[in-house]
Amino acid sequence: MALFTQAPKGTQDFLPEDTYKYQYIERRLLEIAELYGFFEIRTPMFEHTELFVRSVGGTTDVVQKEMYTFLDKKERSITLKPEGTAGAVRAVLEHGLHNKQLPVKLSYVTPCFRYEKPQAGRYRQFHQFGIEMLGSSSPAADAEIIDMMAGALASLGVNQVRLRLNSIGCPVCRPDYHAALLDYLGKVEGSLCHTCKERMKTNPLRVLDCKEPGCAAAVADAPRMLDYLCEECDTHFAGVRAQLKVLGIDYEIDTNIVRGLDYYTKTVFEFVTDTIGAQGTVCGGGRYDGLSEEMGGPPLPAMGFGMGIERLKLVMEAAGAPFPEPRGCDLYLAAIGEQAGLRAAALCQALRREGFWAEMDLQGRSVKAQMRAADRMGAHHSMVIGDGELAEGKAGVKNMRTGQTTELPLNEGFVDAFYECLINEGRQQALQSGDFIWPSTT
Ligand code: ATP
Ligand code: MG
């Protein structure tokens with residue numbers, strides 16, 4: 001079979017055998033976020049290009065190299081969102097959410113688009129779970145967000161992650177640091193890669209987290225932003241650390257974390273792991289106290305993070321973290337003959353209306369082949385209906401795991417009788433939500 005095209009490079013199809021894992025991850029993250037008062041916002045998949053240029057920053061890799069930008073039919077420059085914060089903040093300001101109650105607490109799950117070199121854990125369309133909190137400058141806000149993420153990771157069975165923390169100061173203290181850093185970089189310029197030589201002119205902080213070994217070695221003795229923090233930033237950072245201590249959250253200070261987006265100020269952090277190869281940053285975030293004003297809004301100190309859901313899933317799989325078992329088909333109704341087929345259809349409908357997953361044959365298969373189909377889909381129960389069963393008005397439902405058989409009436413009492421049979425077999429917990437059996441995480 002020769003297909004005329006394939007999915008574009010760097011994109012992935014999520015097939016049903018995997019989507020249930022993503023559904024579980026996303027649902028759990030959103031639920032945990034709600035325990036902290038974060039509720040979901042959905043913003044457009046594309047925005048005016050200017051939004052990202054102004055907020056993410058014109059000299060960042062994201063804006064310079066990675067954005068999917070195009071002109072629409074009216075020649076407006078449009079960009080597919082490369083990250084979630086800019087759109088969320090725009091929406092807050094546009095709808096005046098900050099005029100209601102502070103802080104504004106938002107969560108989201110969104111596709112993001114970046115034109116990057118695809119590799120394991122790095123795609124051109126990927127998905128982020130994100131959190132944004134606007135309106136609090138308290139260190140407790142930083143700690144609350146980090147704690148949420150730490151708790152969420154633990155709840156998903158991920159424990160081989162480390163929290164790395166830094167402060168990159170604010171417009172008051174950063175210029176002095178810039179000057180000191182540039183002075184230092186000038187001395188080691190010869191060992192820097194070509195990109196970093198450019199970065200010295202545009203965005204010198206970014207030299208600190210260049211992945212080139214030569215650059216990493218060259219900046220080993222660079223001055224540290226932490227030594228240049230103004231009093232306000234220093235006090236804030238001390239406050240964050242005190243909060244994390246009380247919450248029992250371990251972290252390491254890493255003075256080379258600067259994050260790739262221009263809007264960050266003060267606290268920046270990452271959750272990293274060694275378990276999934278080179279793309280080990282699962283989650284990155286920080287404060288962006290100046291972004292609202294940059295976008296024409298009021299002063300609105302804020303903090304957030306974005307986590308790559310595909311990377312999180314890789315980490316979970318590497319850690320052997322539990323995923324809930326899909327509930328499975330409750331009853332496969334095999335039918336022999338036309339009349340039995342009609343009855344099977346009616347019974348399936350009645351079961352489905354009551355929240356059971358019921359299946360019947362749609363391929364015109366023999367009863368033997370129907371039973372094989374039931375087996376293959378892992379149906380918990382099966383039942384064969386033929387002329388004999390129709391005449392008697394009852395049929396045996398078989399538990400496919402134990403082989404145990406129970407007689408059920410083939411009339412209006414059918415669904416209730418099936419339910420009772422499940423209760424007798426101790427499977428009622430599967431029936432409460434009409435979806436997954438959640439694994440215990442404690
Ligand atoms: P990296 O250093 O890996 O490029 P980043 O600093 O560009 O990450 P952020 O912009 O902070 O990442 O995005 C937050 C999270 O989104 C990352 O920690 C990662 O989990 C995920 N992420 C970023 N880019 C990609 C991508 N191209 N494919 C898959 N996940 C990604
Ligand atoms: Mg990147």
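The values are calculated or read from the model by the stated rules, or taken from the named source; none is laboratory data. Given the structure is predicted, the values throughout are model-derived calculations rather than measurements. Cβ coordinates were reconstructed from backbone atoms using ideal geometry, including for glycine residues, and neighbour counts include every protein chain displayed.
Okay, here's what the table says:
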item	result
Subset of segment 329-352 (residues that are free of Cβ contacts under 8 Å to residues at least 24 places away in the same chain and closer than 9 Å to I385 by Cβ)	G341
Residue match in segment 291-298 (condition: in the same structural domain as V240 (by TED's automatic domain parsing), surrounded by 23 or more Cβ atoms within 10 Å (Cβ to Cβ) and within 16 Å of ligand 2 (Cβ to nearest atom))	no
Residue check, E47 of a type in the set (D, E, K, R), under 24 Å from E293 (Cβ atoms) and either touching a Cys at 6+ places or on another chain (Cβ under 9 Å) or in the same structural domain as K105 (by TED's automatic domain parsing) (or both)	yes
Given (1) assigned by TED's automatic domain parsing to the domain that holds P298; (2) more than 26 Å from C196 (Cβ to Cβ), index of the condition T11 fails	(1)
Subset tally (residues that are surrounded by fewer than 17 Cβ atoms within 10 Å (Cβ to Cβ), assigned to a helix (DSSP H, G or I) and over 31 Å from the mean Cα position of the chain (by Cα)) for segment 201-225	4
Long-range neighbours under 8 Å by Cβ, at least six apart or interchain, first residue modelled with pLDDT of 95 or more within segment 111-126, second within 7 Å of ligand 1 (Cβ to nearest atom) and among the hydroxyl-bearing types (S, T, Y)	E116/Y123
V158, sole failed condition from (1) assigned to a helix (DSSP H, G or I); (2) within 16 Å of ligand 1 (Cβ to nearest atom)	(1)
The one condition in (1) in the same structural domain as E66 (by TED's automatic domain parsing); (2) buried (at least 18 other Cβ atoms within 10 Å of the Cβ) that T275 fails to fulfil	(2)
Those residues of segment 392-410 which are closer than 16 Å to A344 by Cα and surrounded by 11 or more Cβ atoms within 10 Å (Cβ to Cβ), in sequence order	E392, K394, A395, G396, V397, K398, E407, L408, P409, L410
Strands (runs of 3 or more DSSP E) contained entirely in segment 29-81, each with at least 1 residues that are within 16 Å of ligand 1 (Cβ to nearest atom) and in contact with a His (Cβ under 8 Å, 6 or more places away or on another chain)	77-80
Odd one out for V109 among (1) surrounded by fewer than 21 Cβ atoms within 10 Å (Cβ to Cβ); (2) among the β-branched types (V, I, T); (3) closer than 30 Å to V207 by Cα	(3)
Residues of segment 335-381 classified as out of contact with any Cys (no Cβ under 8 Å at 6 or more places or on another chain) and either part of a helix (DSSP H, G or I) or not assigned by TED's automatic domain parsing to the domain that holds T402 (or both), total	25
Flag if A278 is within 16 Å of ligand 2 (Cβ to nearest atom) and either closer than 30 Å to G260 by Cβ or part of a strand (DSSP E or B) (or both)	yes
Qualifying positions in segment 299-344 - within 16 Å of ligand 2 (Cβ to nearest atom) and of a type in the set (V, I, T)	I309
